[in-house]
Every structure is written in C-alpha cells, then in structure tokens.
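*Asks:* Got a structure here, written out as structure tokens. Questions coming.
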Amino acid sequence: MAFKLRWKDPSPPVSVEAWRQLARRKLPDLPWAYLDGGADDLVAMEANMAGFRRWNLRQRSLTGIAKPDLSATMAGVTLEMPLALAPTGAAGLSHWTAEIATSRAAEASGTRMVHSTAASYSLEEVAEATEENHWFQLYPFYHRGKVAELLDRAQAAGFTALFVTVDVPVVGNREGERTSGMTQPWTMTPRRALNILSHPTWLWNAMRHKRLAAAHYLEPSAALPPRPGGQLMGAADDAARSAEAQSRYMQADLHWDDLAWMRDRWKGKLYVKGVLDADDAAKSVDEFGAEGVVVSNHGGRQLGNAVAPIDALPAISERVGNRAEVFLDCGIRRGTDVITSMCLGADGVFIGRPYLYGLAASGEEGVKSVLEIFRAEIERALILMGCPSVDALDRSWLLPAG
Ligand SMILES: Cc1cc2nc3c(=O)[nH]c(=O)nc-3n(C[C@H](O)[C@H](O)[C@H](O)COP(=O)(O)O)c2cc1C
C-alpha cells in the first residue's frame with residue numbers, strides 16, 4: 001500500500017468546523033471571545049445551529065443530475081451560489097487583512113460581501129481594492145449628520161445595496177467578551193498579556209498594521225459625544241464604560257421613523273437586517289419600501305433567547321416572499337443548511353463566523369477555502385438529492401427529522 005509521509009498534512013481544513021479549530025489556535029483569547037461568542041447563556045447561538053437538525057432532505061434517485069445549477073440572484077446581482085458574506089465589525093481582530101481579504105475572496109468565488117459600519121478598512125479602501133461593487137451595512141446611530149455622511153460615502157464609492165441593521169439598539173450581553181478583557185479600552189492583566197504574547201504572529205501584525213478597530217469610528221471627525229441620556233448605566237466600571245462608549249454608535253430608541261429617513265436618503269436597494277417577526281417584515285416592505293429583509297438574530301449575539309432564524313423563516317417567507325427578497329443568516333455551517341433555508345423560503349443566505357474562521361486562520365486564502373467548501377457541499381448535496389438547481393428548492397424537498 002502506498003502512502004505519503006509528512007510532518008504536517010499540507011491540505012487545508014476540510015470543513016467549517018475544521019477551520020474553526022484552526023482559527024482557535026491562531027487567535028489569542030480576547031479576539032476569539034469576540035469572534036465566537038454570543039449573548040447570555042448562548043441559547044440563541046446554539047439554537048441557530050440546532051434548528052437545521054430538525055429537517056431532513058428528500059432524496060430522489062436515478063435522476064441523472066450531474067451538474068446542478070447553483071446560481072442565484074441576491075440584491076440584484078447574479079451570484080455563482082446563493083450565499084454571501086454577512087457584515088462583521090472589526091474583522092481586523094481576526095486578521096489584519098480584514099475586509100480587503102474578505103471582499104476579494106468573495107469576488108473570486110463569484111459572490112459579494114456586506115461591508116460593516118464597524119469595518120476595519122474604510123469604504124473607499126475596499127472599493128479601491130476590488131473589481132465589483134459590494135454592499136454596505138449601516139448601524140443607525142443617533143447622529144443623523146454622521147449617518148448621512150456615511151451613506152453618501154457608500155453611494156459615492158459604488159456600494160449598491162444598503163443593509164440597515166435593526167437588532168442592535170443596544171449591545172447584547174456578551175459576557176465572554178467582558179471576561180476576556182474586551183472592554184473599551186481593553187483591560188489587560190498579566191495573564192491576558194501572556195496569552196497575547198503567546199500568539200506572536202497575531203500580535204506582530206496587530207501592532208504593525210493597526211487594523212484592530214473600526215475604521216469609520218476611529219476617524220477624528222466621527223468622534224461623537226455620548227447620546228444625551230442614552231447611556232445604559234453609570235460609568236462605574238469597565239463594562240459600564242464600554243456600554244457608554246458604544247452608545248455613541250447606536251440608537252437605543254431606534255424607530256420606524258428612522259427607517260423612513262434612511263429609505264429617503266438611500267437611492268439603491270434597501271434591506272432590513274435583523275427581522276424575526278412576520279409583522280415587522282411586512283411593515284418594512286409594504287410601508288417603508290424595503291426591497292427585502294434578512295431574517296437574523298445577529299448570530300445569537302443580541303437577544304439571548306431570540307428565536308432561531310430558521311424557525312422564524314417560514315412565516316416571514318409566507319407573508320412577504322411573493323413581493324420581496326427574504327434572506328437568512330445565523331447558524332449556517334454546511335451546504336445542507338443553505339439548502340434547508342432555501343426550501344423554507346430563503347432567496348439566499350449569509351454566513352458570518354464561518355468566513356471569519358478562514359480569515360483568522362489563513363487570511364484571504366482561508367476565506368476562499370471556506371466559500372469553496374460551501375460551494376462543493378451545496379453541489380454534492382443537490383446531486384445526492386436529485387435536485388436540478390437551487391431555484392427548484394421548495395418545501396416538497398423537506399421532511400421533518402424523526
Ligand atoms: C464577530 C462578529 C461581528 C459582527 N458584526 C456585525 C456588524 O458589524 N454588523 C451587523 O449587522 N452584523 C454583525 N454581525 C452579525 C452577522 O452579520 C451575522 O448576522 C451573524 O454572524 C450570522 O450568524 P453566524 O455567525 O452563525 O453565521 C457580526 C457577527 C460576528 C460573529
């Protein structure tokens with residue numbers, strides 16, 4: 001029997017979970033707590049993944065389908081697969097190349113990235129580094145002048161769709177971040193410093209490239225006073241100081257009137273991200289002119305016991321799916337999760353943590369590898385199901401798991 005002897009297996013990780021384990025080794029505890037954590041007791045975060053296990057996929061045999069069609073249209077763009085990169089703030093904590101790497105990897109795989117308001121590179125830097133137009137995510141905050149400035153910059157830089165995130169009026173209770181020192185500013189102890197020193201490559205790149213924080217927020221022009229009366233609690237300890245600092249960049253009393261204002265200002269397609277209720281989805285589309293919604297609980301990082309998007313999806317799709325685009329994110333770790341989402345009415349999905357694992361472990365190549373894993377898994381599963389295309393997916397392809 002022939003075999004190859006190697007000190008280390010040179011092949012890339014074979015699954016999203018394998019990329020996750022590699023990323024864990026590459027990152028110090030503090031950025032890892034940010035990347036992989038969730039709110040409260042992680043109930044919503046775990047439910048996001050568990051939700052997919054409640055469904056089986058129908059398998060038709062002898063169909064002769066060898067090359068299913070994976071292409072799908074999201075936000076007016078035809079993509080090679082029904083999957084794009086969700087906005088993730090401060091991606092520079094995972095790898096200094098952050099959104100430059102993620103946007104390029106998305107393009108190389110025939111898809112797109114949503115650029116976060118809290119991105120580590122500016123809108124203009126990403127536009128400069130890419131060939132295609134990507135999409136912009138807005139965290140609405142109370143300073144309308146600054147929000148208007150950001151929207152104008154996004155339009156001028158060629159970002160074609162706006163995703164307004166509505167599930168962060170305040171930051172979720174992420175205890176893992178606080179206990180690892182991710183307050184504002186970070187709280188360093190000898191133990192935490194030692195942990196960071198034991199990841200010299202990460203530390204060297206962090207110090208050399210200075211891309212740990214959010215580019216837009218750091219601009220001197222964007223230094224805002226805290227929202228009057230908007231602080232969550234008195235600045236008595238590090239956690240409270242962090243909450244106060246963050247309150248400058250969100251809006252606790254976010255309201256439909258704010259959405260109306262954004263709809264008015266933004267000339268391109270607009271999607272409401274963080275919707276879990278069919279009434280809210282209908283209101284976004286019918287009264288506020290949104291082109292669609294992203295059914296999302298922010299990866300289980302906000303409301304601790306929020307419903308899993310895969311469970312909220314059927315009612316939302318039934319309500320607005322005939323006249324608006326319905327996307328889903330949260331908990332997608334396999335090609336079969338993408339397929340289940342489409343069977344339940346999604347027009348496409350987004351991934352968050354999966355591509356950050358690839359980014360943290362191997363930069364742009366890692367993100368590409370994660371995307372290619374999804375592509376291969378979707379294609380293989382469709383062949384095994386005997387389904388000709390992602391377009392053909394509907395409820396008839398699903399069976400409740402026994
Ligand atoms: C580290 C991290 C940062 C995030 N930052 C943002 C953000 O800046 N804006 C936003 O709308 N959503 C943000 N999200 C939520 C994602 O867009 C997405 O909803 C979520 O990650 C999907 O769940 P998944 O990680 O299980 O794929 C973030 C998620 C993570 C994990």
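The values are calculated or read from the model by the stated rules, or taken from the named source; none is laboratory data. As the structure is a computational prediction, the values presented were derived from the model and not from experiment. With ideal geometry, Cβ positions are generated from the backbone for all residues, glycine too; neighbour counts draw on all protein chains shown.
*Asks:* Go through the range 334-347 and report how many residues are within 15 Å of the ligand (Cβ to nearest atom) and under 12 Å from Gly321 (Cα atoms).
*Replies:* 1
*Asks:* Now, a different point. Could you please give the count of residues in the range 91-105 that are more than 14 Å from the ligand (Cβ to nearest atom) and closer than 24 Å to Thr73 by Cα? Please lay out each step first, then the result.
*Replies:* If we filter the range 91-105 for residues that are more than 14 Å from the ligand (Cβ to nearest atom), which is where we start, we get 96-97, 100-101, 103-105.
Add one more test, that the residue is closer than 24 Å to Thr73 by Cα, and what stays is 100-101, 103-105.
Total satisfying the criteria: 5.
*Asks:* Which of the following residues is more than 22 Å from the chain's Cα centre (by Cα) and modelled with pLDDT of 95 or more: Asp279, Asp253?
*Replies:* On the way: Asp253 fails: modelled with pLDDT of 95 or more.
Of Asp279, Asp253, the one residue that is more than 22 Å from the chain's Cα centre (by Cα) and modelled with pLDDT of 95 or more is Asp279.
*Asks:* Residues to consider are Thr88, Thr111, Thr78, Thr63; find the one that is away from the ligand (no atom under 13 Å from the Cβ) and either surrounded by 18 or more Cβ atoms within 10 Å (Cβ to Cβ) or within 19 Å of the chain's Cα centre (by Cα) (or both). Please lay out each step first, then the result.
*Replies:* Details: Thr88 fails: away from the ligand (no atom under 13 Å from the Cβ); Thr78 fails: either surrounded by 18 or more Cβ atoms within 10 Å (Cβ to Cβ) or within 19 Å of the chain's Cα centre (by Cα) (or both); Thr63 fails: either surrounded by 18 or more Cβ atoms within 10 Å (Cβ to Cβ) or within 19 Å of the chain's Cα centre (by Cα) (or both).
From the options Thr88, Thr111, Thr78, Thr63, the qualifying one is Thr111.
*Asks:* OK, next. Could you grab me the full set of residues in the range 14-45 that are at negative phi, away from the ligand (no atom under 11 Å from the Cβ) and of a type in the set (A, V, I, L, M, F, W, C)?
*Replies:* Val14, Ala18, Trp19, Leu22, Ala23, Leu27, Leu30, Ala39, Val43
*Asks:* Restricting to the range 370-402, name every residue that is in contact with a Pro (Cβ under 6 Å, 6 or more places away or on another chain) and buried (at least 21 other Cβ atoms within 10 Å of the Cβ).
*Replies:* Val370, Leu382, Val390
*Asks:* Which pairs turn up if I take residues in the range 286-299 that are surrounded by fewer than 24 Cβ atoms within 10 Å (Cβ to Cβ) and look for partners that are of a type in the set (Lys, Arg) with beta carbon separation below 6 Å, at least 6 apart in sequence or on another chain?
*Replies:* Cβ pairs passing all conditions: Phe288/Arg263; Gly289/Arg263; Glu291/Lys269.
*Asks:* When only residues in the range 300-317 that are of a type in the set (A, V, I, L, M) and either away from the ligand (no atom under 12 Å from the Cβ) or without any contact (Cβ under 8 Å) to a residue 40 or more places away in the chain (or both) count, which is farthest from Arg380 (Cα to Cα)?
*Replies:* Here is the first cut: in the range 300-317, the residues of a type in the set (A, V, I, L, M) are 303, 306-308, 310, 312-313, 315-316.
With either away from the ligand (no atom under 12 Å from the Cβ) or without any contact (Cβ under 8 Å) to a residue 40 or more places away in the chain (or both) added as a condition, the list becomes 303, 307, 312-313, 315-316.
Working: Leu303: 35, Val307: 30, Ala312: 27, Leu313: 24, Ala315: 29, Ile316: 28 Å.
Per the stated criteria, the residue is Leu303.
*Asks:* If I filter the range 135-156 down to residues being over 17 Å from Asp253 (Cβ atoms) and in contact with a strand residue (DSSP E or B) (Cβ under 8 Å, 6 or more places away or on another chain), which single residue comes out as nearest to the ligand (Cβ to nearest atom)?
*Replies:* Gln137
*Asks:* Which condition does Asp347 not pass, out of (1) of a type outside the set (A, V, I, L, M, F, W, C); (2) surrounded by fewer than 24 Cβ atoms within 10 Å (Cβ to Cβ); (3) under 30 Å from Leu212 (Cβ atoms), if it passes all the others?
*Replies:* Answer for Asp347: the failing condition is (3).
*Asks:* Sticking with this structure for a sec: Take the residues in the range 348-364 that are within 16 Å of the ligand (Cβ to nearest atom) and of a type in the set (Ser, Thr, Tyr), then tell me which one is farthest from Gln137 (Cα to Cα).
*Replies:* So the first thing to find is which residues in the range 348-364 are within 16 Å of the ligand (Cβ to nearest atom), and the list is 348-361.
From what is left, the residues that are of a type in the set (Ser, Thr, Tyr) are 355, 357.
Details: Tyr355: 17, Tyr357: 21 Å.
Out of the qualifying residues, it is Tyr357.
*Asks:* Run down Val367, Val320, Val390 and say which single residue is in contact with a strand residue (DSSP E or B) (Cβ under 9 Å, 6 or more places away or on another chain), within 14 Å of the ligand (Cβ to nearest atom) and either on the phi > 0 side of the Ramachandran plot or modelled with pLDDT of 95 or more (or both). Quick ask: steps written out before the conclusion?
*Replies:* Numbers: Val320 fails: within 14 Å of the ligand (Cβ to nearest atom); Val390 fails: within 14 Å of the ligand (Cβ to nearest atom).
Answer to the selection: Val367.
*Asks:* For the range 302-342, enumerate the residues that are within 20 Å of Val16 (Cβ to Cβ) and of a type outside the set (A, V, I, L, M).
*Replies:* Here is the first cut: in the range 302-342, the residues within 20 Å of Val16 (Cβ to Cβ) are 308-310, 327-342.
Residues satisfying the conditions are Pro309, Phe327, Asp329, Cys330, Gly331, Arg333, Arg334, Gly335, Thr336, Asp337, Thr340, Ser341.
*Asks:* Ala392 versus (1) more than 18 Å from Glu17 (Cβ to Cβ); (2) in contact with a helix residue (DSSP H, G or I) (Cβ under 6 Å, 6 or more places away or on another chain): which is the lone unmet condition?
*Replies:* (2)
*Asks:* Can you tell me which residue within the range 46-60, out of those that are crowded, with 18+ Cβ neighbours inside 10 Å and within 16 Å of the ligand (Cβ to nearest atom), is nearest to Phe350 (Cα to Cα)?
*Replies:* The qualifying residue nearest to Phe350 (Cα to Cα) is Asn48.
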